[in-house]
Amino acid sequence: MNRRSFCTNTVIASLFGFRTSSAWAGLEDLKMAAKRLGALGTNAGLVALDGKERVLDPYRHYPSKSGVSDPAKGHRFFFHAHRNEEFGHFHTFSKDQYGAPVHLVMISINEQGEPIALSTVNQWVTGTRHIQADQMRPFIDAFEMSPTCYKQPDLVRFVTETIGSHQSEIEALFHERDAWLKQYRSQNTADPFKDKSHEILSSRTISPLKGMK
């Protein structure tokens with residue numbers, strides 16, 4: 001790790017702190033949140049819609065335009081739907097040492113509200129700053145939101161623990177993203193961050209709730 005990365009990571013760690021739970025504990029918490037929502041006859045996708053009609057529109061955010069925020073920790077997410085292969089997805093955000101938003105990962109879900117994929121997106125999708133993969137782990141590790149920041153705490157737990165139980169996978173996605181960017185630049189003179197033909201830069205399927213009773 002170079003000096004710049006070390007200093008950046010140290011500042012971020014001091015700002016947010018790191019999650020103390022393991023990936024296994026995060027997975028168990030994710031399952032429990034999903035079970036509690038299921039017992040109420042709902043799921044993460046339906047809760048995020050907050051009783052509103054699901055509209056396939058990238059500019060329609062749920063449960064509100066700004067989504068759900070944790071002012072104390074600076075993290076945020078919103079839900080929307082505009083891709084036919086999924087029910088919708090959550091965009092999740094941390095912040096850097098200057099308070100600027102940093103996009104973490106896109107969490108796709110199916111109609112049952114189960115996480116089915118994690119993805120990184122191109123810069124034009126969210127307009128947030130680009131951070132190299134080797135500097136992203138502190139943001140991933142630090143992502144945690146208080147369940148009390150939304151009226152249905154298990155929605156917040158669902159999003160937080162999907163990230164908490166897949167930290168290594170998310171870090172790998174950022175390295176895959178940067179490899180894609182390197183290849184793109186070797187073959188094109190255009191700015192990859194402005195190429196709207198490329199929305200998803202890296203992705204992998206997940207099934208943490210598969211077989212859950």
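Each value in this text was obtained by applying a stated rule to the coordinates, not by laboratory testing. The structure displayed is predicted, hence computed values, not measured ones. Neighbour counts run over all protein chains shown; Cβ positions are idealised from the backbone, glycine included.
If you average the sequence gap of Cα pairs under 8 Å that are 6 or more apart and divide by the length of the chain, what percent do you get for the contact order?
Taking the mean separation of contacting Cα pairs over the length of the chain, I get 24 percent.
Do any trypsin sites (Lys or Arg not before Pro) in the range 39-93 lie in a DSSP loop with no more than 12 other beta carbon atoms within 10 Å, and if so, which?
Lys52, Lys65
Mind checking which lysines have their C-alpha under 26 Å from Lys196, skipping anything on the same chain fewer than 8 residues away?
Lys65, Lys95, Lys182
Compute the Cα gyration tensor for the range 3-205, then decide on rounded, prolate or oblate, letting a ≥ b ≥ c be the square roots of its eigenvalues: rounded whenever a/c is under 1.5, prolate when a/b is larger than b/c in the other cases, and oblate in all that remain.
Because a/c hits 1.5 or more and a/b fails to exceed b/c, the range 3-205 counts as oblate.
Count neighbours as other Cβ atoms within 10 Å of each site's Cβ, and list the chymotrypsin sites (Phe, Trp or Tyr not before Pro) in the range 78-135 that are DSSP loop with at most 15 such neighbours.
Within the range 78-135, the qualifying chymotrypsin sites (Phe, Trp or Tyr not before Pro) (loop, at most 15 other Cβ atoms within 10 Å) are Tyr98.
Using the Cβ atoms and a cut-off under 15 Å, what net charge is assigned to the surroundings of Lys182, where Lys and Arg are +1 and Asp and Glu are -1?
-3
Could you pull out every one of the lysines with an alpha carbon less than 22 Å from that of Lys31, ignoring same-chain neighbours closer than 8 positions?
Leaving aside lysines fewer than 8 places away in the same chain, those within reach of Lys31 are Lys151, Lys210, Lys213.
Quick one: of the DSSP bridges fully inside the chain, what percent are antiparallel, nearest 5?
95
Report, in debye and to the nearest 20, how large the dipole of the chain comes out about its Cα centre when Lys and Arg carry +1 and Asp and Glu carry -1 on their Cβ.
280
Trypsin sites (Lys or Arg not before Pro) within the range 145-178: which are DSSP loop residues with at most 11 other Cβ atoms inside 10 Å?
Lys151
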